[in-house]
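The block underneath contains the structure these notes are about, expressed in structure tokens.
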Amino acid sequence: MALFNLDIERYYQTKNEEGIELKSIAYLQYPIYCIHATILDSTPDPLEKLDKAIIKCILLNNEMSSLDIAQFLSVQKRGVELRIEQMKSERLIEGENRLNVTELGRDILIFSKEKRLQKRQHNFYLDGIDFKPLSSELYSAKYLKSFFNENEFTYYTNSKGETISYKPFKPNIVHEPLNKEKVLENIFNIPVNERESWAIPLGLEEIETIDFTKMSMSILVGLMIKDNKPYREIIDGFSNVGDSEKIRSFESKIKNQIAKLELRIDTWKDKNENEKFAFASNWVEIDKENDEDKLQFITREDLKLALSKLYNVEFSSEEEIINTKYEIGINITEELLLKQKSNRSLILRNLERGREYQRISVNNGIWVVFISFKTNSPFVYNLLEIKNFLEDATNKNLEVHHITERLFRYKNYRQALVLLEEFELLEKIDINQHMHIEELVNE
């Protein structure tokens with residue numbers, strides 16, 4: 001999987017300020033072509049001044065060796081040798097012991113009558129659907145190293161010590177069969193003054209040969225609520241803030257498909273009859289007709305299994321499970337908390353925030369799922385009040401008698417302290433109360 005740079009919490013807050021609530025993030029591999037081309041390029045060579053100096057040395061004395069020229073020009077010998085080889089390949093000079101400047105070499109490097117065309121290799125990255133060049137911004141290292149190559153394999157050792165091979169290249173959209181004429185047309189249709197923005201050499205004159213490798217790029221799709229309606233948006237996972245401007249061109253190609261993306265939960269039993277689950281998208285059936293626009297289609301039983309596994313929760317009633325076409329989560333009740341054997345503090349923290357996100361494997365087309373945490377229980381509200389008061393009291397270093405003065409206002413304070421695992425405080429309270437009783441008896 002690609003190593004995304006997206007700051008999920010920051011992105012969530014940014015969208016929230018826009019009145020949009022992020023519910024989950026789906027994952028896709030978008031098709032890319034890497035075109036390996038042999039080109040003729042008239043872009044000025046940055047070492048052309050050195051080439052002209054070497055040419056003048058040859059015209060002055062064609063018996064000068066590479067070492068002689070290097071010493072005369074005060075440059076390294078290896079640099080001179082490489083430039084001589086380059087000019088020979090361009091037929092600008094010829095010969096071995098005696099170098100001669102060709103007529104073409106004179107016309108180009110001395111008289112500037114003709115363009116200097118260099119034959120070289122160049123990789124163009126194109127959209128795998130319409131063969132249009134990708135923005136030069138996607139040629140930066142953080143994007144190129146994230147592209148999956150059709151010939152790429154990764155290897156890992158499993159728990160049994162076996163070496164397993166894995167092919168990460170799994171595009172969700174089929175590459176269009178490569179059309180060479182369309183490729184050339186799209187490249188040369190870019191105006192010269194705009195070529196730099198599309199990573200096309202400014203001096204590109206001709207593309208002689210073309211080969212290609214199929215690749216894919218990881219993109220994310222946010223499943224959101226906007227104006228109380230489902231809303232989907234492409235996200236650039238390699239941008240810290242999720243700015244999708246660099247991949248905006250992809251969205252129009254798959255607009256109809258992502259408009260039907262939904263969150264699902266797959267469940268099954270392993271060979272030991274253990275129940276398993278995985279969050280997934282509906283991409284494999286994305287072309288099916290869908291009468292109702294919803295962000296998720298999950299059965300209550302599947303969600304119950306997933307939430308119980310994630311948070312070690314034992315549900316007492318149906319009302320404790322939130323499952324709508326826009327939202328999944330847990331409605332915290334008194335019964336649920338009392339049954340909770342672990343993760344109680346995590347659940348309360350999530351309840352205070354109102355949510356938590358689960359970052360998961362992308363193998364099933366989902367990367368992040370947001371889980372809602374709500375309550376309408378007076379008992380739970382009181383528990384949160386006590387929890388917040390105790391945290392504030394700790395920060396202020398309040399004495400025990402100041403803490404108890406507030407705690408004794410709650411009828412269920414002892415039960416609350418047990419649930420909050422405040423055993424040390426409970427012991428202090430018991431000691432103080434016991435000592436107070438003894439004092440009264442002695443009097």
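Do we have residue 52 as of a type in the set (D, E, K, R), open to solvent by 20 Å² or more (accessible area, probe 1.4 Å) and not in a strand (DSSP E or B) here? It is true that residue 52 is of a type in the set (D, E, K, R), open to solvent by 20 Å² or more (accessible area, probe 1.4 Å) and not in a strand (DSSP E or B). Residues that are closer than 23 Å to residue 386 by Cβ and of a type in the set (Val, Ile, Thr) occur in the range 300-323; there is at least one. Residues of the range 198-212 include at least one that is part of a helix (DSSP H, G or I) and surrounded by 11 or more Cβ atoms within 10 Å (Cβ to Cβ). Selection of first residues in the range 342-358 that are open to solvent by less than 40 Å² (accessible area, probe 1.4 Å) and of second residues that are small (Gly, Ala, Ser) and modelled with pLDDT of 95 or more, restricted to Cβ pairs under 8 Å at least 6 apart or on distinct chains, gives the following pairs, ordered by first then second residue: 354/372; 355/329; 355/372. Any residue that is touching a strand residue (DSSP E or B) at 6+ places or on another chain (Cβ under 9 Å), open to solvent by less than 50 Å² (accessible area, probe 1.4 Å) and free of Cβ contacts under 8 Å to residues at least 40 places away in the same chain - is there at least one of those in the range 216-225? No, the range 216-225 contains no residue that is touching a strand residue (DSSP E or B) at 6+ places or on another chain (Cβ under 9 Å), open to solvent by less than 50 Å² (accessible area, probe 1.4 Å) and free of Cβ contacts under 8 Å to residues at least 40 places away in the same chain.
Please indicate, with yes or no, whether at least one residue in the range 339-358 is among the basic types (Lys, Arg), more than 30 Å from residue 217 (Cβ to Cβ) and assigned to a loop (DSSP other than H, G, I, E, B). Within the range 339-358, one or more residues are among the basic types (Lys, Arg), more than 30 Å from residue 217 (Cβ to Cβ) and assigned to a loop (DSSP other than H, G, I, E, B). The residues of the range 362-402 that are in contact with a helix residue (DSSP H, G or I) (Cβ under 7 Å, 6 or more places away or on another chain) and crowded, with 19+ Cβ neighbours inside 10 Å, listed by number, are 365, 368, 373, 375, 380, 383, 386, 387.
Residues in the range 265-320 that are touching a helix residue (DSSP H, G or I) at 6+ places or on another chain (Cβ under 7 Å), surrounded by fewer than 17 Cβ atoms within 10 Å (Cβ to Cβ) and assigned to a loop (DSSP other than H, G, I, E, B): 314, 316. Output yes when any residue across the range 250-262 is touching a residue at least 60 places away in the same chain (Cβ under 8 Å) and among the hydroxyl-bearing types (Ser, Thr, Tyr), and no when none is. No: the range 250-262 contains no residue that is touching a residue at least 60 places away in the same chain (Cβ under 8 Å) and among the hydroxyl-bearing types (Ser, Thr, Tyr).
Yes/no per residue for (1) out of contact with any Ser or Thr (no Cβ under 8 Å at 6 or more places or on another chain); (2) without any contact (Cβ under 8 Å) to a residue 24 or more places away in the chain:
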| residue | (1), (2) |
| --- | --- |
| 6 | no, no |
| 22 | yes, no |
| 25 | yes, no |
| 33 | no, no |
| 37 | no, no |
| 43 | yes, no |
| 47 | yes, no |
| 68 | yes, yes |
| 80 | no, no |
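Being at pLDDT 95 or above and either over 12 Å from the mean Cα position of the chain (by Cα) or surrounded by fewer than 17 Cβ atoms within 10 Å (Cβ to Cβ) (or both) is a property that does not hold for residue 249.
Consider residue 27 carefully, then state whether it is touching a strand residue (DSSP E or B) at 6+ places or on another chain (Cβ under 8 Å), under 30 Å from residue 370 (Cβ atoms), open to solvent by less than 60 Å² (accessible area, probe 1.4 Å) and not in a strand (DSSP E or B). So residue 27 does not fit the description; no. Any chance you could count how many residues in the range 141-174 are within 22 Å of residue 4 (Cβ to Cβ) and either open to solvent by 50 Å² or more (accessible area, probe 1.4 Å) or more than 15 Å from the chain's Cα centre (by Cα) (or both)? So the count comes out to 17.
Yes or no, residue by residue, for (1) more than 23 Å from residue 208 (Cβ to Cβ); (2) touching a helix residue (DSSP H, G or I) at 6+ places or on another chain (Cβ under 8 Å):
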| site | (1), (2) |
| --- | --- |
| 34 | no, no |
| 48 | no, yes |
| 69 | yes, yes |
| 110 | yes, yes |
| 116 | no, yes |
| 132 | no, yes |
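Restricting the range 75-124 to residues that are over 51 Å from the mean Cα position of the chain (by Cα) and part of a strand (DSSP E or B), the residue that is surrounded by the most Cβ atoms within 10 Å (Cβ to Cβ) is 101. For the residues 385, 424, the requirement of being acidic (Asp, Glu) and at pLDDT 75 or above singles out 385.
The values are calculated or read from the model by the stated rules, or taken from the named source; none is laboratory data. Since the structure is predicted, the reported quantities are computational estimates derived from the model, not experimental observations. Here Cβ is always computed from backbone atoms with ideal geometry, including for glycine, and neighbour counts include all displayed protein chains. Ligands, DNA and RNA are excluded from the accessible area calculation, which covers all protein heavy atoms including side chains. Shrake-Rupley method; radii C 1.70, N 1.55, O 1.52, S 1.80 Å.
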